[in-house]
Every structure is written in C-alpha cells, then in structure tokens.
Amino acid sequence: MIIDKAEVIVTSPDRNFVTLRLTTDDGLVGLGDATLNGRELAVVAYLTEHVVPLLIGSDAARIEDTWQFLYRSAYWRRGPVTMAASAAVDMALWDIKGKAAGMPVYQLLGGASRSGLLAYGHASGKTNSELFDSVRMHLEHGYRAMRIQTGVPGLKAIYGIASQAQGMADAETRYDHEPARRGNKPTEEDWDTRAYLTHLPGVFEAVRNEFGPDLPLLHDGHHRMTPIQAAKLGKALEPYDLFWLEDCTPAENQEALRLVRQHTTTPLAIGEIFNTVWDFKDLIRDQLIDYVRGAVTHMGGITPLKKTLEYAAQYQIKSGMHGPTDISPVGMAAAMHLGLAIHNFGIQEYMPHGDRTNRVFEQTFTWEGGYLHPGNEPGLGVSLNVDEAGKYPYEQAYLPYNRLADGTVHDW
C-alpha cells in the first residue's frame, strides 16, 4: 500500500475544516482531520509544503513508523500546528489500514470494550428559564449528561451561550456550537470573574432543584480563573455533585492544578488545548486531574492519544475527549473508535454538525439512547464528497477574545 497521492482539502460548509486525503497505489483512500480553529491555513501550509512531499512513495501500512518519523525528523517538535498535521496523517493511515483489513478501526485497536459511548450535550441560556428549556431540549434529543453554561448578569456575551447575540454571517449557526465569527477581526467579549463566581453556584442549585440529583452535570470554566479562584469555585459546586469542572485555570502551569486539588473534591478535566503526552505527564502522574480532554485532531492522532490514555489508566484517570464542531466528522469518528476500544473511557463530548457539513462528510456513526457508536464500516466510516466540499470555499474566521472592565485582555 504505497501512497501515491496526497490532497489537502479546505472546505467551509458550516465552519472551516481542513482534511487530508491520502490515496494508495491500489486505490484505498484514507481521511484525516487537520482542523485548527482560527488558524486553519497555518496547518494547510505545514501539510502542503512540508508533510505531503514526505508521504508520496511511502508505505501506508507503517503507521507507528510514520508518526515517529514526522515527530522526530522535524526537530522542532510539538505545538498545535505540527500536531494537527501529524494527526491528519495518522488518522488517514488508520482509515486505510481498516479498509485494507475490511474492519472498523476500533477492531484494529483491540476491539470494543463497550457497546456505546456515553456522550454529553451543551445546554446553555442567558437566564435560568432559557437554560432549563435548553436542558429539556437536549433530554428530548436523547442526551443523558449535560454541560451547563449560563449567562452572567452584567456581561453582554460570554463563551458557550447559544442564545446570546453572535454577530455571525450565518445566523443559523449556534454560538455555542461555533464561536468563531467569520470576518477580518476577532470579536471582543467582556468578562468579570467575581460576578461569575457569585452567580454560578446558584445556577447549579436551580438546575439540581429542577432536574434532580441523577442527571450528570458538567461545567467549562474555559481557562478564566486563577488557581485560588478555581479552588473556590470547585468547593462551592461540591453540593451539586458535578461530573466534572473543565479547564478551571490556564493549564500551561501544571502546578496550578495542585492548589485546586488541595481545596476541592469536584472532579477536574483538563487538556483540550494540549498537543502531546508531555502536557499531561505530571498531571496524570500526580493524579491532579480525573479526565483527559485531549482531542485526536490536536494530540497528533489516534496513535499518541491511545498511549496517553493507557498511561492515564494506570492512575484511574479516564478519557473525556474533546468533541465540539471544530473537530470535523473525521476527527469525531477517530475519537469514537478510540473511545470504544480503550478500557478507561469516561465520556465523549458530542455536538452535532450542521446539515451542510453532514453532506460534505458522509458518516456511518449512530446516536441512540444517549450513546454514540462509530459503526462497523471498514476504516473510520467517513467519506468525503469532494464536489459538495467544493461549494464552500474557506472563509476567514477568528475565535473571540475577552477584556475586563478596565480594558485588560483576559483569558478566553
């Protein structure tokens, strides 16, 4: 199985996606997701100018060797651009190997460890009434676990609220599904940590009173708190029995999680912006987190993320793979196959893609009773409709950013 064609395809049906399409000399096609929200063209250049020339003529069966070659031969290792490009290659090679074997990828990873993947949805609202309606809507769509995001009095627009003003060219796209606005400049949002910390516990009390003690509830702090603020919030939320508190403080400083852990028993999830096992190493070894939030697309592919999760399993830490709509259907399929195979699966984030995206990426996964399954088609189970993809050219888009009341740029 010699690679004789490699194409980098950019399409923007509901948002921008970058897909690597590899074809072997015997006609097998493999797809990989290289999407990096707001910096897509940087990965396109890395793939086109530096990686694709290395792939032509190489053996598609040598997945581990190819990954090590791309990682080690570059010398300048890690980083989101490099690892997204490597991830696309890795996914495409697993896709090809599955098709060659006539098996879904999860079978090649050791077979299924469960019958389906528990997934959580994104419920949100500016007010408690809007939030409750959103929770009910997600329950009607089959979700059995819910991320809770709420507006904060006095703040105009914050991350994760579907119903707030979004200022996007496509009014059909929910803000919490795709916060990157199309345009030449990023949108400015406001933030006040004190107001947020004062407001949030009451919201979770109201949600528990409305929906009872059994619904798993999650919350995303989106890197906005200092360690002591995060510790305070984790402790305040303990009565409401969260499934996890995600990204409570910027995770580049891994020692920060030690302080949070000392002050709260609320489970912690970290890592959607991490790219390698080295970002997780100390957090896992010192048991400072409970869930690994890495994405197949941003962690270099199935090959390295499987190793990271096997390392985490030794410390009873589970997976919580990143799965918003800036992970393409190819990347989501890769996450489903990996999640189905590993022993220490925890939960899968799942935000349905839009109709246009689903016409570009034809998929075989199933969603039933709150559980995902990647399907049993050989490979990843996703095909790319190239003609449909060509209808939606790239459109520049940026994620928002925050400023405090005094004008200081803050973490988003």
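Can you tell me which residue among Gln348, Gln287 is at pLDDT 95 or above, open to solvent by 20 Å² or more (accessible area, probe 1.4 Å) and not aliphatic (A, V, I, L, M)? Step through it out loud before you land on a result.
Details: Gln348 fails: open to solvent by 20 Å² or more (accessible area, probe 1.4 Å).
It is Gln287.
Go through the residues of the stretch 323-335 one by one and say whether even a single one is more than 17 Å from the chain's Cα centre (by Cα), open to solvent by less than 20 Å² (accessible area, probe 1.4 Å) and closer than 24 Å to Asp247 by Cα. Working first, answer last.
Narrowing the stretch 323-335 to residues more than 17 Å from the chain's Cα centre (by Cα): none.
Checked the stretch 323-335: no residue is more than 17 Å from the chain's Cα centre (by Cα), open to solvent by less than 20 Å² (accessible area, probe 1.4 Å) and closer than 24 Å to Asp247 by Cα.
State the number of residues belonging to the stretch 135-148 that are buried (at least 23 other Cβ atoms within 10 Å of the Cβ) and over 15 Å from Tyr350 (Cα atoms).
Looking only at that region, the number is 0.
This table checks each residue for (1) over 24 Å from Glu368 (Cα atoms); (2) at pLDDT 95 or above.
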| position | (1), (2) |
| --- | --- |
| Met91 | yes, yes |
| Ile96 | yes, yes |
| Gln107 | no, yes |
| Ala123 | no, yes |
| Glu130 | yes, yes |
| Asp133 | no, yes |
| Ala157 | yes, no |
| Gln166 | yes, no |
| Glu172 | yes, no |
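Please state which of the following conditions Tyr75 fails to meet, knowing it meets all the rest: (1) among the hydroxyl-bearing types (Ser, Thr, Tyr); (2) at positive phi; (3) in contact with a strand residue (DSSP E or B) (Cβ under 8 Å, 6 or more places away or on another chain).
(3)
Just the residues that are open to solvent by less than 60 Å² (accessible area, probe 1.4 Å) and hydrophobic (A, V, I, L, M, F, W, C), please, taken from the stretch 366-412.
Leu372, Leu380, Val382, Leu384, Ala389, Ala397, Leu399, Leu404, Trp412
So, restricting to strands (runs of 3 or more DSSP E) that lie completely within the stretch 205-280, which ones have at least 1 residues that are in contact (Cβ under 8 Å) with a residue 60 or more places away in the chain and buried (at least 16 other Cβ atoms within 10 Å of the Cβ)?
On the way: elements: 217-220, 244-246, 268-270.
Output list reads 217-220, 244-246.
Inspect all residues belonging to the stretch 88-99 and state whether any of them is part of a helix (DSSP H, G or I), of a type outside the set (D, E, K, R), without any contact (Cβ under 8 Å) to a residue 24 or more places away in the chain and open to solvent by 10 Å² or more (accessible area, probe 1.4 Å).
If we filter the stretch 88-99 for residues that are part of a helix (DSSP H, G or I), which is where we start, we get 88-99.
Then keep just the ones that are of a type outside the set (D, E, K, R); that gives 88-89, 91-94, 96, 98.
Subsequent filtering for residues that are without any contact (Cβ under 8 Å) to a residue 24 or more places away in the chain retains none.
The answer is no, given that none of the residues of the stretch 88-99 is part of a helix (DSSP H, G or I), of a type outside the set (D, E, K, R), without any contact (Cβ under 8 Å) to a residue 24 or more places away in the chain and open to solvent by 10 Å² or more (accessible area, probe 1.4 Å).
Report yes if Ala84 is under 19 Å from the mean Cα position of the chain (by Cα), among the aliphatic types (A, V, I, L, M) and at pLDDT 95 or above, otherwise no.
Details: under 19 Å from the mean Cα position of the chain (by Cα): yes; among the aliphatic types (A, V, I, L, M): yes; at pLDDT 95 or above: yes.
Here the answer is yes, as Ala84 does meet what is asked.
Looking at the stretch 290-310 only, could you name the residues that are in contact (Cβ under 8 Å) with a residue 60 or more places away in the chain and open to solvent by 10 Å² or more (accessible area, probe 1.4 Å)?
Result: His298, Thr303, Pro304, Lys306.
Could you please find all residues in the stretch 108-117 being in contact (Cβ under 8 Å) with a residue 24 or more places away in the chain and out of contact with any His (no Cβ under 6 Å at 6 or more places or on another chain)? Explain how you work it out, then say what you get.
Taking the stretch 108-117 and keeping what is in contact (Cβ under 8 Å) with a residue 24 or more places away in the chain, we get 109-117.
Within the stretch 108-117, Leu109, Gly110, Gly111, Ala112, Arg114, Ser115, Leu117 meet the criteria.
Go through (1) over 18 Å from the mean Cα position of the chain (by Cα); (2) over 29 Å from His141 (Cα atoms); (3) small (Gly, Ala, Ser); (4) buried (at least 22 other Cβ atoms within 10 Å of the Cβ) for Ala313 and report which single condition fails.
Every condition holds for Ala313 apart from (4).
Tell me yes or no: at least one residue of the stretch 73-87 is closer than 22 Å to His322 by Cβ and β-branched (Val, Ile, Thr).
Kept after step one, since they are closer than 22 Å to His322 by Cβ, are these residues of the stretch 73-87: 77-87.
Subsequent filtering for residues that are β-branched (Val, Ile, Thr) retains 81-82.
Yes, because at least one residue in the stretch 73-87 is closer than 22 Å to His322 by Cβ and β-branched (Val, Ile, Thr).
So which residues in the stretch 62-86 are closer than 20 Å to Thr19 by Cα and among the aliphatic types (A, V, I, L, M)?
Those that are closer than 20 Å to Thr19 by Cα and among the aliphatic types (A, V, I, L, M): Ile63, Leu70, Val81, Met83, Ala84, Ala85.
Based on this model, can you work out whether Leu109 counts as within 16 Å of the chain's Cα centre (by Cα), under 29 Å from Glu246 (Cα atoms) and surrounded by fewer than 24 Cβ atoms within 10 Å (Cβ to Cβ)? Spell out the reasoning first.
Details: within 16 Å of the chain's Cα centre (by Cα): no; under 29 Å from Glu246 (Cα atoms): yes; surrounded by fewer than 24 Cβ atoms within 10 Å (Cβ to Cβ): yes.
Here the answer is no, as Leu109 does not meet what is asked.
The values are calculated or read from the model by the stated rules, or taken from the named source; none is laboratory data. Remember, it's a predicted structure, so these values are computed and weren't measured experimentally. Methodologically, a virtual Cβ is constructed for each residue, glycine included, from the backbone with ideal geometry; neighbour enumeration extends over all protein chains shown. Only protein heavy atoms, including side chains, enter the accessible area calculation; ligands, DNA and RNA are left aside. Shrake-Rupley method; radii C 1.70, N 1.55, O 1.52, S 1.80 Å.
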